[in-house]
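Asker: If you scroll down you'll find the structure; I have some questions about it.
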Amino acid sequence: MFYRWIVNRFGADALVHFGMHGTAEWMPGLQLGLTDECWSDILLGELPQFYIYPMNNPSEANIAKRRGYATIISHAIPPYARAGLYKEFQALRDLLGDFENGRDFPELRDAIMQKAALLNLHDDVPPSEDFAKYASELAAYLKEMENRLICGDLHVLGENPDKATQVELITEALKNQSELALLDFAATCLNTEPYSMLAQRAKAGDKDAQLKKEKLEAFCKKLIEEYVIEEKPIGHTLEV
């Protein structure tokens, strides 16, 4: 009965929960309108509850509010970061860079094939008789892996993320909208083909598509940085 100890022995004036959910709100009893026979009510009594919850988990925050009488304090999700490459993947990227820069000799080709096999990449990027095509597809695969989004550092309460982190978060959120997606808007502004088509071609190793894709992504970040973060006026000219 840790909760009762907090109230009766420790004498807490309030309870602040860090992290998603405790125990009391999951105990047996009614979902709404708790009575004195519900375990959540028995454990918590009249002790004020403050729950610090991430804004992307409203469903469980609601349970804490309904069954734990909690006041919910929302906070931002962890900032996004790029996955990057590590160890052997970096080594393979460097080998592919050497090949792309004209250092084409049998030993280098063998090293690339061996490294790809070591990393179990042959299923995702099957070897081809056209080695240049295979190397291009392999490089595109690593580029996609390197740029995958992951959760970066934890959010720090009371601190705003820096500008670059805000730009990344907002840009990625708007990229995933089903209607009027940011990337489609950017493609229209730059008079280029849709992002989805560029991404598909880039994934197949098309270097021209990869460059156009990166230009679109940079344009989106610039758009968010100047018009959303810096609040530039609508008439402001965006330099690409």
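Asker: Using a 10 Å cut-off around each Cβ, can you sort 220, 189, 151, 38 from fewest to most neighbouring Cβ atoms?
Answerer: Details: 220 24, 189 14, 151 11, 38 17.
Starting with the residue having the fewest Cβ neighbours, the order is 151, 189, 38, 220.
Asker: Got a sec? Charge dipole of the chain, +1 on Cβ for Lys and Arg, -1 for Asp and Glu; which of 80, 61, 96 is way out at the positive end?
Answerer: 61
Asker: If you don't mind, another one. Using the beta-carbon distance between residue 120 and residue 98 and R0 = 22 Å, what value does 1/(1 + (r/R0)^6) give for FRET efficiency, to the nearest 0.05? Before the final figure, lay out the partial values.
Answerer: Details: r = 22 Å, r/R0 = 1.00.
So, using R0 = 22 Å, E works out to roughly 0.50.
Asker: For a quick check: sort 17, 75 by the number of other beta carbons within 10 angstrom, fewest at the front. Don't jump to the answer; show the numbers that get you there.
Answerer: Numbers: 17 19, 75 14.
The fewest-first ordering by Cβ neighbours comes to 75, 17.
Asker: If you restrict to DSSP beta bridges whose two residues both lie in the chain, what percentage is antiparallel, to the nearest 5?
Answerer: Values: 3 of 13 bridges.
Expressed as a percentage, antiparallel bridges in the chain total about 25.
Asker: Taking the alpha-carbon distance from residue 163 and a cut-off under 12 Å, which aspartates and glutamates remain once sequence neighbours fewer than 8 residues away in the same chain are dropped?
Answerer: Partners within reach: 225, 226, 230.
Asker: What is the fewest-to-most order of 53, 141 by other Cβ atoms lying within 10 Å of their Cβ?
Answerer: Values: 53 22, 141 19.
So the ranking, lowest neighbour count to highest, is 141, 53.
Asker: Related question: Just one of (i) 31, 29, 21; (ii) 50, 25, 15; (iii) 29, 21, 18 is semi-axes √(5λ) of the Cα gyration tensor in Å as worked out from the coordinates here. Which one is it?
Answerer: (ii)
Asker: Additional query: Looking at the chain, which longest stretch skips every one of the GluC sites (Glu not before Pro) that is in a DSSP loop with at most 16 other Cβ atoms within 10 Å, leaving the sites themselves out? Provide the component values of the computation, followed by the final result.
Answerer: Working: sites that count: 37, 46, 129, 159, 179, 230, 231, 239.
Here the longest run is 47-128.
Asker: Additional query: Between residue 1 and residue 228, with labels modelled 7 Å along Cα→Cβ, what's the label distance in nm to one decimal, could you check?
Answerer: 5.1 nm
Asker: Restricting attention to region 1-90, which trypsin sites (Lys or Arg not before Pro) occupy a DSSP loop and are surrounded by at most 10 other Cβ atoms within 10 Å? Intermediate values should be presented prior to the final figure.
Answerer: Numbers: sites: 4, 9, 65, 66, 67, 82, 87; in loops: 87.
Taking region 1-90 and a limit of 10 other Cβ atoms within 10 Å, the loop trypsin sites (Lys or Arg not before Pro) found are 87.
Asker: If you average the C-alpha positions of region 118-164 and of region 1-20 separately, how far apart do those two centres end up, in angstrom?
Answerer: 45 Å
Asker: Would you please give the FRET efficiency between residue 105 and residue 190, computed as 1/(1 + (r/R0)^6) with r the Cβ-Cβ distance and R0 = 45 Å, to the nearest 0.05?
Answerer: Using R0 = 45 Å, I get an efficiency of 0.70.
FYI, it's all coordinate maths here, none of it is from the lab. These numbers were taken from a predicted model, which means no experiment stands behind them. No Cβ is skipped: glycine too gets one built from the backbone with ideal geometry, and neighbour counts run over all protein chains shown.
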